[in-house]
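The values are calculated or read from the model by the stated rules, or taken from the named source; none is laboratory data. Note that the structure is a prediction, hence the values are computed from the model and not measured. For neighbour counting, all protein chains shown are included, and Cβ atoms are generated from backbone atoms with ideal geometry for every residue, glycine included. Surface accessibility is based on the protein's heavy atoms, side chains included, excluding ligands, DNA and RNA. Shrake-Rupley method; radii C 1.70, N 1.55, O 1.52, S 1.80 Å.
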Amino acid sequence: MTYHGGCQCGAVAFEADGEITQLVECNCSICKPKGYLLWFVPEADFRLTTDESALSEYRFNTHKIAHQFCSTCGVSTFGHGPGMYAVNARTLKDFDVKSVPIQAFDGASR
Ligand SMILES: [Zn+2]
């Protein structure tokens with residue numbers, strides 16, 4: 001199915017295809033304070049439906065992952081790494097993050 005998501009103000013919106021069977025809660029220095037619940041989507045199954053210019057990005061450590069967020073309202077919608085998107089499932093419309101198992105990932109120790 002196709003999931004729709006976006007930020008609070010509407011400047012950032014996206015669609016992603018797939019089935020959400022679990023989410024990942026990572027305890028690294030960026031995921032933990034942001035409260036990310038991650039759903040990994042192959043790049044080909046992800047579409048940004050608003051203008052790229054609405055996004056700001058933050059990179060740290062190896063700089064491989066762009067942690068993208070809305071420049072206007074600040075909501076963190078997804079990260080973009082090589083070949084995949086890490087969607088913050090909390091920003092999906094009509095999806096209850098408590099409806100699937102949540103897997104802990106020890107990103108802090110990596
Ligand atoms: Zn926004």
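Are any residues in the range 1-49 modelled with pLDDT under 95 and of a type in the set (Val, Ile, Thr), and if so, which ones? Once the filter is applied, which keeps residues that are modelled with pLDDT under 95 and of a type in the set (Val, Ile, Thr), the range 1-49 yields only 30.
Filter the range 82-110 for residues that are in contact with a Lys or Arg (Cβ under 7 Å, 6 or more places away or on another chain) and more than 17 Å from residue 17 (Cα to Cα) and give the result.
The first filter runs over the range 82-110 and keeps only residues in contact with a Lys or Arg (Cβ under 7 Å, 6 or more places away or on another chain), leaving 82, 97.
Hit for the range 82-110 is 82, nothing else.
For the range 42-83, the strands (runs of 3 or more DSSP E) that sit wholly inside it and include 2 or more residues that are touching a residue at least 40 places away in the same chain (Cβ under 8 Å) are 66-70, 76-81.
Mind checking which residues of the range 1-22 are assigned to a loop (DSSP other than H, G, I, E, B) and open to solvent by 30 Å² or more (accessible area, probe 1.4 Å)?
1, 8, 9, 10, 11, 19, 21, 22
Inside the range 45-98, residues that are surrounded by 12 or more Cβ atoms within 10 Å (Cβ to Cβ), within 12 Å of the ligand (Cβ to nearest atom) and either more than 12 Å from residue 14 (Cβ to Cβ) or of a type outside the set (S, T, N, Q) (or both) make up a count of 10.
Of all residues in the range 26-41, those being of a type in the set (A, V, I, L, M, F, W, C) and in a loop (DSSP other than H, G, I, E, B) number 3.
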